[in-house]
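To keep things clear, I will list the structure first and then write my remarks on it.
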Amino acid sequence: MDKTESQMLIIFGASGDLTARKLIPALFNLYQGQFLPKNFSVLGVSRSPLSDSDFRNKVVKESSYLKTDIDGKAADFINQFSDKLFYHDLGSSYEEPYNTLAERITSLNSEFQTAYNFIFYLSTPPNIYEVIAKNLSEQGLTVQEKGWKRLIVEKPFGYDLASAKNLNHNLHKYFKEKQIFRIDHYLGKETVQNLLVTRFANSIFEPLWNRNYIQHVEITNAESVGVEKRGGYYDSSGALRDMFQNHLLQIVSLVVMEPPIGSTAEEIRNEKVKALKSLRIVKDHKTLNENTIRGQYLAATINGEKVKGYREEDGVNPNSTTETFVALKFFVDNWRWKDVPFYVRTAKRMPTKVTEIVIHFKPPHHHIFVDAGLNNKDNKLIIRIQPDEGILIKFGVKVPGLGFKVERANLDFYYSSLEGTNLMAAYERLLLDAMQGDATLYARADEVEAAWEFVDPILEYWKTNKDAKIYGYSAGVWGPQNEDDLMEGKYTWRNPGENLADDPEFCVIK
Ligand code: BG6
């Protein structure tokens, strides 16, 4: 394991939900696993008037997010962790100079011997990222003379291509690209990382991983929840910006990329950028109309419980045309993938929560078993990102008895079967990587911009064209009725169940 140097983590927006829900639990787990360095402290920064002990109570001792983790643990053990946490009230604004904040950081740095190594984590609305970076720089807190300085930023990285470029440009005024860590929590998922291992640490998949053997690639990301309490944010975002531009295009880039020369952050990210740049950017309206479907969930009763439609959710405009479902068909213009359709969909209020990649292989080019009953039973490689993490291969076996009837059988692997596996939560893994200076699982500026370049024309088309319909679907079903129209030929979406080996169309409705 890499050595984690002495350091201080300074979290902006520390009184917000993300700090209590994700960051502190991740740090607590790192503490339990003895991954935190001996000299370490956390300074929460926000505009709420909290004392150090208020902050510790809020995010540790009285936090509902940590309750199950700390229940039954010795008070000393918990105190040793929470004593590392401090809070600084910025007062009325993020824009005032940070003199007192700088003094606080310097004094904690001496107290905890953190060697002037600072990570600044921005868990604030993105419109104040620049002002925070500027104020830090004015206090000399971005200079790497005495120790290193890193900046972690949360999505959204921009609202479209122009604003993403602008954000990158503004951050680069104060931080070098190598100091900036853009967090995409999907890259912290063990199974997303395993895509690289499946492809490049085996010799049995990669020879088939191309247009000669692959019929199409299908990715489903479904959530059973609606927009919950985030209606205000979501209504100005939508599924394409919220999930596709970042998490799903990151997954696409790992499926599409060429083998990297090695496994350093730059070697891997160079290939991911190339992959994203090879996505065919479509601007003509006919193709955009045919290859994109957007939808919105409608009120329904699920398991006897009434569920609101999207337009009735708090914070959502009652006439909103924001999509909660999106399905896209697109192509990758390079040697490996020419003419292979990619189908990707993401949505809220679907029957179950699941993310999976399905690689559909072409049928054998010469059929020996004429009446084998092979229709619709192509070989598939299913990579389950969540839940029931694992890999499933569907292949043909002979049905016992006369003749040569073929049935599909499953060859499966489940992460849960690995003994002693303790899957690190995404934020835990990513925070530890940033603490060790490893940016492999963080998005680089050019990756983010390449992703926006692909997405921008779709957003523009939806915004400006009346023929760009938005379809309704009842909460709890697999999206609008016409979603299979996107698929070429006889194919339809595989509607996965909660368990990896469930056959399509069957699932548990939660
Ligand atoms: C976030 C989106 O990035 O990812 C949310 O903003 C979404 O809308 C969430 O619910 C899904 O993450 P996960 O890890 O639960 O699949």
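DSSP loop (so not H, G, I, E, B), at most 10 other Cβ within 10 Å: list which trypsin sites (Lys or Arg not before Pro) in region 25-124 pass both filters.
On the way: sites: LYS38, ARG47, ARG56, LYS58, LYS61, LYS67, LYS73, LYS84, ARG104; in loops: LYS38, ARG47, LYS73, LYS84.
Counting only loop positions with at most 10 other Cβ atoms within 10 Å, the trypsin sites (Lys or Arg not before Pro) in region 25-124 are LYS38.
Neighbour counts of other C-beta atoms within 10 Å: give me MET424, MET350 arranged from fewest to most. Spell out each step's value before the answer.
Details: MET424 19, MET350 27.
By the 10 Å Cβ count, ascending, the order reads MET424, MET350.
Percent relative contact order of region 250-374, based on C-alpha pairs within less than 8 angstrom and at least six residues apart? It would help to have the intermediate numbers written out before the result.
Numbers: 121 pairs, mean separation 21.7, N = 125.
Normalised by residue count, the contact order of region 250-374 is 17 percent.
Can you give the alpha-carbon Rg of region 285-389 over 2.2 N^0.38 Å, where N counts its residues?
Relative to the rule-of-thumb radius for its length, region 285-389 sits at 1.48.
Using 0.36 nm times the number of residues separating SER110 and ASN499, minus their current alpha carbon distance, what extension gain do you get?
Numbers: separation 389, 0.36 × 389 = 140.04 nm, distance 5.13 nm.
Extra length from SER110 to ASN499 when fully extended: 134.9 nm.
Tell me which of ILE393, VAL143, ASN57 sits at the most positive position along the dipole axis of the chain, charges placed on C-beta atoms (Lys, Arg +1; Asp, Glu -1).
Working it through, the farthest residue towards the positive pole turns out to be ILE393.
Hey, what do the phi angles of region 8-16 turn into as Karplus ³J(HN,Hα) couplings, whole Hz, using 6.51/-1.76/1.60 and θ = phi - 60°, x for Gly and Pro?
So the J values, rounded to whole Hz, are 10, 10, 10, 9, 8, x, 6, 8, x.
Tally Lys and Arg at +1 and Asp and Glu at -1 over the other residues with C-beta under 12 Å from the C-beta of PHE395: what net charge comes out?
Details: positive: LYS377, LYS380, LYS394, LYS398, ARG408; negative: ASP378, GLU407, ASP412.
Computed value for this residue: +2.
Return the calculated 222 nm mean residue ellipticity for the chain, to the nearest 500 deg cm²/dmol, obtained by summing -39500 (n - 2.57) across DSSP H runs with n ≥ 4 and dividing by the residue count. Walk me through the numbers on the way to the answer.
Numbers: 14 runs with 136 residues, N = 510.
After summing the helix terms and dividing by the residues of the chain, the value is -7500 deg cm²/dmol.
Can you tell me what percent of all Cα-Cα pairs in the chain are more than 34 Å apart? Write out the running numbers ahead of the final one.
On the way: 53871 of 129795 pairs.
Taking all Cα-Cα pairs of the chain, the fraction more than 34 Å apart is 42 percent.
For helix 265-277, report the angle its Cα long axis makes with the longest principal axis of the Cα atoms of the chain; keep it between 0 and 90° and round to the nearest 10°.
Between the helix axis and the principal axis of the chain, the angle is about 50 degrees.
Lysines near LYS67 by alpha-carbon distance under 22 Å, same-chain residues fewer than 8 away left out - which ones?
Straight-distance partners of LYS67: LYS22, LYS58, LYS84, LYS229.
Answer rounded, prolate or oblate for region 116-240, using the Cα gyration tensor with square roots of eigenvalues a ≥ b ≥ c: rounded when a/c is under 1.5, else prolate when a/b is larger than b/c, else oblate.
oblate
Quick one: Cα centre-to-centre distance for region 138-199 and region 299-343, in angstrom?
27 Å
Roughly speaking, what is the stretch gain from GLN80 to LYS178, that is 0.36 nm per residue apart minus the C-alpha to C-alpha distance, in nm to one decimal? The partial results should precede the final answer.
On the way: separation 98, 0.36 × 98 = 35.28 nm, distance 3.27 nm.
Result: 32.0 nm gained on full extension.
Do any chymotrypsin sites (Phe, Trp or Tyr not before Pro) in region 281-378 lie in a DSSP loop with no more than 13 other beta carbon atoms within 10 Å, and if so, which? Each step should come with its number before you reach the end.
On the way: sites: TYR297, TYR310, PHE325, PHE330, PHE331, TRP335, TRP337, PHE342, TYR343, PHE361, PHE369; in loops: PHE331, TRP335, TRP337, PHE369.
For chymotrypsin sites (Phe, Trp or Tyr not before Pro) across region 281-378 that sit outside H, G, I, E and B with at most 13 neighbouring Cβ atoms in 10 Å, the list reads TRP335.
Any idea what angle helix 445-464 forms with the longest principal axis of the chain, computed on alpha-carbon atoms, 0 to 90 degrees, nearest 10?
The angle comes out at about 60 degrees.
Mind computing the radius of gyration and Dmax over the alpha-carbon atoms of region 1-138? Å is fine for both.
Computed over the Cα atoms of region 1-138, radius of gyration and Dmax are 14.7, 45 Å.
Of the beta bridges DSSP finds with both residues in the chain, what % are antiparallel, to the nearest 5? Walk me through the numbers before you get to the answer.
On the way: 43 of 77 bridges.
The answer is about 55 percent antiparallel.
Between PHE413 and ASN127, what is the label-to-label distance in nm when each label sits 7 Å out along the Cα-to-Cβ direction?
Between PHE413 and ASN127, the label points sit 4.7 nm apart.
Restricting attention to region 425-468, which trypsin sites (Lys or Arg not before Pro) occupy a DSSP loop and are surrounded by at most 14 other Cβ atoms within 10 Å? Write down the numbers at each step before the final one.
On the way: sites: ARG429, ARG444, LYS463, LYS466; in loops: ARG444, LYS466.
Qualifying residues, ordered by number: LYS466.
Please give the charge dipole size of region 231-382, origin at the Cα centre, charges +1 on K and R Cβ atoms and -1 on D and E Cβ atoms. Round to the nearest 20 debye.
Working: 22 positive and 18 negative charges, 35 e Å.
Value, rounded to 20: 160 debye.
To the nearest 20 Debye, how big is the dipole of the chain about its Cα centre, given +1 on the beta carbon of each Lys and Arg and -1 on that of each Asp and Glu? Mind dumping the intermediate values first?
Numbers: 62 positive and 68 negative charges, 119 e Å.
My answer is approximately 580 debye.
How high is the relative contact order of region 1-149, in percent, counting Cα pairs under 8 Å that sit 6 or more residues apart? Present the calculation step by step, with values, prior to reporting the outcome.
Details: 208 pairs, mean separation 49.3, N = 149.
Reported as a whole number, the value is 33 percent.
Each reported figure results from applying straightforward, stated rules to the coordinates on display, with no laboratory input. Not measured: the values here are computed from a predicted model. Note: ideal-geometry Cβ built from the backbone for every residue, glycine included; neighbour counts use all protein chains shown.
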